[in-house]
Structure formats: structure tokens, C-alpha cells
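Peer 1: Before we start, here is the structure in question, set down as C-alpha cells.
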Amino acid sequence: MATWDQLAALRPGAALRYRDEEFVIERTIRFEEGDCVWFEHRLSSDGTGRSLWLEIPADPDDAVIAYDSSEMLD
């Protein structure tokens, strides 16, 4: 399991594994609000064609969130 510092240091091109599936970070969005900075990474899998978003919160005590944007559509 990665630490918050390791997750916060991820950038496009980095490879990672989530739930036994390999992904590459396709793009990163950096958000800033005052002193608060957090990241969202778009992950893609060449093996399955699946895409996920990985949200790295500004506060290391907050949960890291991974979600599939297609599941959010009605």
C-alpha cells in the first residue's frame, strides 16, 4: 500500500496497480484553493481499456478516492 506522500508525488506516465489491475497515469489535474492543494489523476489500462479517476486529497488523513466516471452516469 502506498503512502500519502508517494501518492501525492505521482505524475503522468507513472504506472500503478489498483485492485490487481495495472494502470498508467494518463493526465493529472492540480487543484488549488487558498493553501489547499490536491490532485486528480486519470488512470488508463491498456489491458482492459478501463479508465479511472484517482483523487489524492490535500489532507493526508482524508481518504484517497478511486472512481469510474462511467458508473456515475445515469
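The values are calculated or read from the model by the stated rules, or taken from the named source; none is laboratory data. Computed from a predicted structure; not experimentally measured. Neighbour counts run over all protein chains shown; Cβ positions are idealised from the backbone, glycine included. Remember, those area values only see protein heavy atoms, side chains included, never the ligands or the DNA or RNA. Shrake-Rupley method; radii C 1.70, N 1.55, O 1.52, S 1.80 Å.
Peer 1: Cβ-Cβ distance below 8 Å, separation of 6 or more or different chains: which pairs start in the range 32-49 with a residue that is closer than 22 Å to GLY13 by Cα and end on one that is among the β-branched types (Val, Ile, Thr) and open to solvent by less than 40 Å² (accessible area, probe 1.4 Å)?
Peer 2: These pairs meet every condition: TRP38/ILE56; PHE39/ILE56; GLU40/ILE56; HIS41/ILE25; HIS41/ILE56; ARG42/ILE25; LEU43/ILE25.
Peer 1: Another question, then. Contact list please: Cβ distance under 8 Å, first residue in the range 1-23 and on the phi < 0 side of the Ramachandran plot and free of Cβ contacts under 8 Å to residues at least 40 places away in the same chain, second residue open to solvent by 80 Å² or more (accessible area, probe 1.4 Å) and among the hydrophobic types (A, V, I, L, M, F, W, C), pairs at least six apart or on different chains.
Peer 2: Once the first residue is on the phi < 0 side of the Ramachandran plot and free of Cβ contacts under 8 Å to residues at least 40 places away in the same chain and sits in the range 1-23, its partners that are open to solvent by 80 Å² or more (accessible area, probe 1.4 Å) and among the hydrophobic types (A, V, I, L, M, F, W, C) give GLU22/ALA15; PHE23/ALA15.
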